[in-house]
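Below: the structure, in structure tokens.
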Amino acid sequence: MRIQGDTDADTDAEESGGRAAPRSLIVTTYGLYARRTQGWMSVAGLIRLMSFLDVEAPAVRSSILRLKRRGVLEAERRDGVAGYTLSAGGLHILQEGDRRIFEHPRAGLSDGWLLAVFSIPESERNKRHLLRSRLTWLGFGTVSSGVWIAPGHLEADARAVLSRDGLDAFVNLFRSDYLGFGRIEQEAARWWDLAGLAAQYEDFLGTWQARLVLPHDDAEAFRDYLTALTLWRRLPFLDPGLPVEVVGPDWAGERAGRLFSELRRAWEGPAERHVRSLV
């Protein structure tokens, strides 16, 4: 459940330490709950839910308008009630993100590597930022300015996203094996910011491990589950699921993934009960 572009400069500044931006919380709410009601949620219902996350009504309305401008939400009245529904594009992007966020598949070395080699002419330079954003969103690392790399298991995702966004005309995809000369784990640390990613995982662990053991009523479960999921859902898109031989057996991403699964098991049911009681 992730809206493309959330890793760009206009992220609404999602913070560490258990805080998340209102727009991102709304995307998470639509991804979890609105898809069960044909993608629609009333403005009043959304404001009620966001109040449990300490988001005030003006911030909710402002965030909804931003999502509408980006083509994620569309205004729709149902039985005279004002609300917003997911656009076809917004729904598709959420569906694309589910597997990465909730399953977070990890590659093996035998999967090989996927290379994206691209060159964009000056006349199409507006596509450069879009292409780099999409490759980052897919989990590619940077070998050089026009050569990006990802684990081989991301091929289907890369084909679908690049074709959908009209970027396939600028990119050639190759399957490859790594033959040397440096150690693959050292090279991967150059292609991806693994140290920075590990620090974000450790931050997630430090914030949510302690909260997991605290008692929660339904409202508290909703608050913590929505916040944890919103902060979590960015991370699988920065982490391409590198093989354990590359990141090591004690990779912080594996520990954070196990913690997120525990949070989900503990809080998903009570959080849904809370939503049903309000919306």
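The values are calculated or read from the model by the stated rules, or taken from the named source; none is laboratory data. Fair warning: this is a prediction, and the values are worked out from it, not measured in the lab. Glycine also receives a Cβ, built like all others from the backbone with ideal geometry; neighbour counts cover every protein chain displayed.
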When T136 is run through (1) buried (at least 21 other Cβ atoms within 10 Å of the Cβ); (2) of a type in the set (S, T, N, Q); (3) touching a residue at least 60 places away in the same chain (Cβ under 8 Å), the failure sits at (1)
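Can G206 be described as without any contact (Cβ under 8 Å) to a residue 24 or more places away in the chain and either crowded, with 17+ Cβ neighbours inside 10 Å or in a helix (DSSP H, G or I) (or both)? Write out each step before concluding.
Details: without any contact (Cβ under 8 Å) to a residue 24 or more places away in the chain: yes; either crowded, with 17+ Cβ neighbours inside 10 Å or in a helix (DSSP H, G or I) (or both): yes.
Considered against the rule, which asks whether it is without any contact (Cβ under 8 Å) to a residue 24 or more places away in the chain and either crowded, with 17+ Cβ neighbours inside 10 Å or in a helix (DSSP H, G or I) (or both), G206 comes out as yes.
Being in contact (Cβ under 8 Å) with a residue 24 or more places away in the chain, part of a helix (DSSP H, G or I) and under 23 Å from A271 (Cβ atoms) narrows it down to one of L49, L53, so name that one. Steps first, answer last, please.
Working: L53 fails: part of a helix (DSSP H, G or I).
Unique residue meeting the criteria: L49.
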If I101 satisfies every condition in (1) buried (at least 17 other Cβ atoms within 10 Å of the Cβ); (2) of a type in the set (A, V, I, L, M, F, W, C); (3) outside the structural domain of L235 (by TED's automatic domain parsing); (4) within 30 Å of L259 (Cα to Cα) but one, which is the exception?
(3)
Does any residue in region 56-74 that is within 17 Å of L94 (Cβ to Cβ) come within less than 8 Å, Cβ to Cβ, of a residue that is loosely packed, with under 14 Cβ neighbours inside 10 Å and among the small types (G, A, S) six or more places away or on a different chain, and which pairs are these?
K68/A75
